[in-house]
Structure formats: C-alpha cells, structure tokens
Amino acid sequence: MKEARFHDLVDTTQQILEDIFDESELDIDLESSAGVLTVKFENGSQLIFSRQEPLRQLWLAAVSGGFHFDYDEESERWVCDKHAEQLGEMLERIVKQQAGVELEFEGL
C-alpha cells in the first residue's frame, strides 16, 4: 500500500472515530495530535489510536492490551493481525468494558 493511501485511510478512520465519540453521550476528552487519537473516558481509562507508518498498521492501546490492525482491501476494514477481528467489533467490546456503554462502530 502506498504511503498516501495509508495516511488517507488512517485519517478517515480517526475522523469516523471522533464523530462516533462526539455524538455519544459519554463524558470523554478527545485529543488528536501528530497522527495519534487519544480518547479519555470519565473513569480515567483511555484508548489510544496511532498510525505505524513503516508497518502500514493502525495500533490501538486499551486497558485490555495493545492491538495491531492491517487494512483489508477486500472487506474495506481494519482487521487485527492476531485475532482477525475487525476494528469496529473490537471497539464495541472494549468500550463496553472500559466505559460500560454500548456504542456502534459500524463501518470500521
């Protein structure tokens, strides 16, 4: 995957994430800087999304661990390189665990 395509995909994904969290009723802080999106929940836990340009991966750090996602062109989704779970599915589970709220991450 070319560098420009990778950056476009990550930028789009991070914007979708920001929109989902902004539209939720969660009391959170969002910080976006230098390709890193940090979601801080009211209880102090965080989600950190970062682009790993050399590997062409999107990384997620959560209370439950660190996860690396490759973009699958066929499904047009970010897929975990260890569990083959899509980013959106994993986020639904992780947000429920960390914030106690159900959010939908359709399209991720």
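The values are calculated or read from the model by the stated rules, or taken from the named source; none is laboratory data. Nothing here was measured: the structure is a model prediction, and the numbers come from that model. Glycine gets a Cβ as well: all are built from the backbone with ideal geometry, and neighbour counts include every protein chain shown.
Could you say which residue among E106, E74 is out of contact with any helix residue (DSSP H, G or I) (no Cβ under 7 Å at 6 or more places or on another chain) and closer than 26 Å to R5 by Cβ?
Exactly one residue qualifies, and that residue is E74.
Regarding S24, is this residue more than 15 Å from L87 (Cβ to Cβ), touching a residue at least 12 places away in the same chain (Cβ under 8 Å) and either surrounded by 13 or more Cβ atoms within 10 Å (Cβ to Cβ) or among the small types (G, A, S) (or both)?
Against the criterion (more than 15 Å from L87 (Cβ to Cβ), touching a residue at least 12 places away in the same chain (Cβ under 8 Å) and either surrounded by 13 or more Cβ atoms within 10 Å (Cβ to Cβ) or among the small types (G, A, S) (or both)), S24 qualifies.
Consider segment 70-108. How many of its residues are in contact with a His (Cβ under 9 Å, 6 or more places away or on another chain) and either in a strand (DSSP E or B) or surrounded by fewer than 19 Cβ atoms within 10 Å (Cβ to Cβ) (or both)?
Summing the residues that are in contact with a His (Cβ under 9 Å, 6 or more places away or on another chain) and either in a strand (DSSP E or B) or surrounded by fewer than 19 Cβ atoms within 10 Å (Cβ to Cβ) (or both) in segment 70-108 gives 3.
Here are L47, L30, L26: which of them is assigned to a strand (DSSP E or B) and over 11 Å from the mean Cα position of the chain (by Cα)?
L30
D27 - would you say it is more than 17 Å from V95 (Cα to Cα) and either modelled with pLDDT of 95 or more or in contact with an Asp or Glu (Cβ under 7 Å, 6 or more places away or on another chain) (or both)?
In short, no.
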